Amino acid sequence: MIRENPAKPLTRRPLDLLYCLYLALHFLYTSTLGLLPLWPAEAQTLPVFGHVYTVLKGVTDEHISKSNDTFMLAIWRLLPHEWDFAHYRAFLWFELCVWRSRMRRASLTNMVLS
């Protein structure tokens, strides 16, 4: 006889809750500050996107000035030898492509299900 175990709510699984919080924060960081250098120049001049870009760039500049983060310096090509962290910039492009393909697949799935 197979006994079914009811699923516990997320609030009763602290490790899973911590993991979900980490993923949410990582998604927020990646979609705003992490991918900011990859924004096209045309989007930076549009009225709404230009303002968002200016605000996020200010946050990024403050972070760089306070922490001297080598990865952020590499993304913005502010290192004397930018080839030292070329792999990190390539990883950002890869992450953007994977993220876009997942979003496209999710929207296609939602269109099929509706």
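The values are calculated or read from the model by the stated rules, or taken from the named source; none is laboratory data. Only a predicted model underlies this, so the values are computations on that prediction, with no experimental measurement involved. Cβ placement follows ideal geometry from the backbone for every residue including glycine, while neighbour counts extend to all protein chains displayed.
Quick notes
- Flag if W76 is touching a residue at least 24 places away in the same chain (Cβ under 8 Å) and surrounded by 14 or more Cβ atoms within 10 Å (Cβ to Cβ): yes
- Condition met for R105 (without any contact (Cβ under 8 Å) to a residue 12 or more places away in the chain and outside any loop (DSSP other than H, G, I, E, B)): yes
- Subset of region 1-17 [at pLDDT 85 or above, surrounded by 10 or more Cβ atoms within 10 Å (Cβ to Cβ) and not in a loop (DSSP other than H, G, I, E, B)]: D16, L17
- Filter result (over 18 Å from the mean Cα position of the chain (by Cα) and either in contact (Cβ under 8 Å) with a residue 60 or more places away in the chain or assigned to a helix (DSSP H, G or I) (or both)) within region 53-69: E62, S65, K66, S67
- L56 passes every criterion in (1) loosely packed, with under 12 Cβ neighbours inside 10 Å; (2) under 24 Å from T70 (Cα atoms) apart from (1).
- Filter pass, T45 being of a type in the set (V, I, T) and either surrounded by 12 or more Cβ atoms within 10 Å (Cβ to Cβ) or touching a residue at least 12 places away in the same chain (Cβ under 8 Å) (or both): no
- Residues within region 18-50 that are assigned to a helix (DSSP H, G or I) and either closer than 16 Å to E95 by Cα or of a type in the set (A, V, I, L, M) (or both), tallied: 20
- Applying a threshold of 9 Å to beta carbon distances and a minimum spacing of six or more residues, or different chains, the list of pairs starting in region 22-38 at a residue that is among the hydroxyl-bearing types (S, T, Y) and ending at one that is surrounded by 11 or more Cβ atoms within 10 Å (Cβ to Cβ) and part of a helix (DSSP H, G or I) reads T30/L92; T30/E95; T30/L96; T30/W99; S31/W99; T32/V52; T32/L56; T32/V59.
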